[in-house]
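The values are calculated or read from the model by the stated rules, or taken from the named source; none is laboratory data. The shown structure was predicted, so the numbers you read here are calculated from the model rather than taken from an experiment. Neighbour counts run over all protein chains shown; Cβ positions are idealised from the backbone, glycine included. Areas reflect the complete protein model, heavy atoms only, side chains present, ligands, DNA and RNA absent. Shrake-Rupley method; radii C 1.70, N 1.55, O 1.52, S 1.80 Å.
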Amino acid sequence: MKLPRSPLKNDTFLRALQRLPTDYTPVWIMRQAGRYLPEYNQTRRRAGSFLGLAKNPDFATEVTLQPLERFNLDAAILFSDILTIPDAMGLGLYFADGEGPKFERPLRDEKAIAKLTVPEPEEDLRYVMDAVRQIRQALDGRVPLIGFSGSPYTLACYMVEGGASTDFRTIKTMLWERPDLLHHILAINAQAVTQYLNAQIAAGAQAVMIFDTWGGSLSAEAYQRFSLDYLRRIVSQLTRENEGRTVPVIVFTKGGGLWLEDIADIGCDAVGLDWTIDIGVARNRVGSKVALQGNVDPMCLFAPPEVIQSQVAQVLSSYGKGSGHVFNLGHGISQFTDPDRVRVLVDAVHQLSLPYHR
Ligand code: CP3
């Protein structure tokens with residue numbers, strides 16, 4: 001059923017991604033719906049677990065909207081996880097308390113790898129598509145909704161390691177010893193990500209972001225072959241217009257500062273930056289090609305309000321005048337952050353960015 005949709009009341013985020021003029025610099029926060037919010041923890045208790053939240057469209061809609069009720073954010077992001085794809089592939093996602101995500105059946109042998117198949121988004125990941133549709137309804141045109149996915153390499157890290165890792169020994173052994181096996185996984189993942197993101201766009205996502213959280217753990221040359229090539233393939237196959245508007249694509253490789261020109265060259269609209277690079281330097285390197293998103297150190301939010309405000313001022317001034325900047329942290333917000341400090345950051349971005357858009 002197709003329900004009529006309200007016109008977008010605040011398109012600042014979408015305009016900045018297209019480097020069109022805006023009145024101020026838009027802002028949203030990676031992991032803005034999460035454990036630093038008491039209301040999130042309350043809903044999570046009702047749902048029983050994180051997966052109980054993410055797999056129920058009513059709960060997912062509720063928590064997606066929570067940060068928008070508190071802060072003047074310019075975008076909403078679908079509440080879900082990057083690991084829904086490998087879960088739908090049958091690897092058995094679960095969360096062990098305090099240990100992060102894990103898989104019951106990590107990809108370790110050639111037979112299992114050969115059997116890997118691409119999930120059908122509207123069937124195997126129906127709960128995500130239902131959440132996208134429901135969130136769009138609930139947003140009622142307030143701000144745009146961002147859909148997202150993990151990158152093929154980042155997903156493969158969890159699929160092969162079976163969970164979080166500090167040295168990526170298992171997947172890197174595969175990379176150096178049996179690159180054919182890893183390329184097979186990555187090719188399937190790239191198809192899965194393409195179909196998943198296109199289904200999110202068809203369901204109502206107005207921009208999409210690909211999280212390449214672990215691409216930065218690769219050598220320069222391996223990054224090209226095992227992460228960037230697959231990102232390029234995905235970006236070239238994404239739906240770029242829907243509901244009469246451009247659907248911008250943001251690519252975020254954590255630790256990718258050294259390879260900015262290459263990332264900006266794959267056809268995406270925007271590049272996400274972690275906090276290790278100066279955004280003004282990044283703009284000089286790629287700013288005529290893509291918009292930039294970032295990049296305050298998330299730990300800066302543990303400092304007093306004046307320090308947060310001066311960091312916001314520093315990042316805004318380093319980017320300089322004109323459009324093409326979406327303000328964000330350089331990575332996800334810590335669960336130990338005081339929500340009041342988030343308000344300081346969001347309000348500072350709106351106030352202090354005005355002179356850069358006149
Ligand atoms: O930004 C948002 O508000 C949208 C929601 C979102 C979540 N995960 C919710 C979540 C997004 C975009 C993600 C992406 C994600 N998930 C990434 C890539 C982003 C990045 O950080 O670079 C990765 C690597 C994952 C895998 C994952 N899922 C991890 C490492 C964890 C944390 C585990 C822990 O215990 O610390 C999760 C769980 C998760 N995903 C939480 C949230 C809010 C916390 C779950 C809880 O309530 O316990």
Return the equivalent ellipsoid semi-axes of the range 1-128 as a descending list in whole Å, where each equals the square root of 5 times an eigenvalue of the C-alpha gyration tensor.
31, 20, 15
FRET E, pair residue 97, residue 70, Förster distance 30 Å, beta-carbon r, rounded to 0.05:
0.65
With all protein chains present, calculate the accessible area of residue 289 using a 1.4 Å probe and round the result to the nearest 10 Å².
110
Would you calculate, for the chain, the mean residue ellipticity at 222 nm contributed by helices, counting each DSSP H stretch of 4 or more residues as -39,500 (n - 2.57) and dividing by all residues, to the nearest 500?
-13000 deg cm²/dmol
Within the range 29-88, DSSP-loop trypsin sites (Lys or Arg not before Pro) with at most 16 other C-beta atoms within 10 Å are 35
Heavy atoms only, 1.4 Å probe, whole protein assembly: order 149, 288 by accessible area, highest first.
288, 149
Cβ-defined net charge surrounding residue 30, 14 Å radius [Lys, Arg +1; Asp, Glu -1]
-2
Rg (Å, one decimal) plus Dmax (Å, integer) for the alpha carbons of the chain?
19.3, 60
Please sort 277-287, 227-237 by packing, taking for each peptide the average over its residues of neighbouring beta carbons within 10 angstrom, highest first.
227-237, 277-287
Subtracting the Cα-Cα distance of residue 173 and residue 302 from 0.36 nm times their residue separation yields 42.7 nm
What number comes out for accessible area per residue over the range 12-357 if the probe is 1.4 Å? Units Å², please.
38
Spin-label model distance (nm) - residue 46 vs residue 109, 7 Å beyond Cα toward Cβ:
4.5
If I take every Cα pair under 8 Å that is 6 or more residues apart in the chain, average their sequence separation and divide by the length, what percent do I get for the relative contact order?
22
How do 349, 118 stack up against each other in accessible area, from largest to smallest, with a 1.4 angstrom probe?
118, 349
So which GluC sites (Glu not before Pro) in the range 35-110 pass both tests, a DSSP loop state and at most 13 other Cβ atoms within 10 Å of the Cβ?
99, 104
Taking the reciprocal of mean 1/r across every pair of different Cα atoms in the range 192-260, the Kirkwood radius in Å is 12.8
Going 7 Å from the Cα of residue 262 in the Cα-to-Cβ direction, what parts of the range 141-180 have a backbone nitrogen less than 17 Å from that spot?
151-154, 175-176
Can you give the FRET efficiency to the nearest 0.05 for residue 229 and residue 278, using r as the Cβ-Cβ distance and R₀ = 35 Å?
0.80
Carbon and sulfur atoms account, in whole percent of the 1.4 Å probe accessible area of the chain, for 49
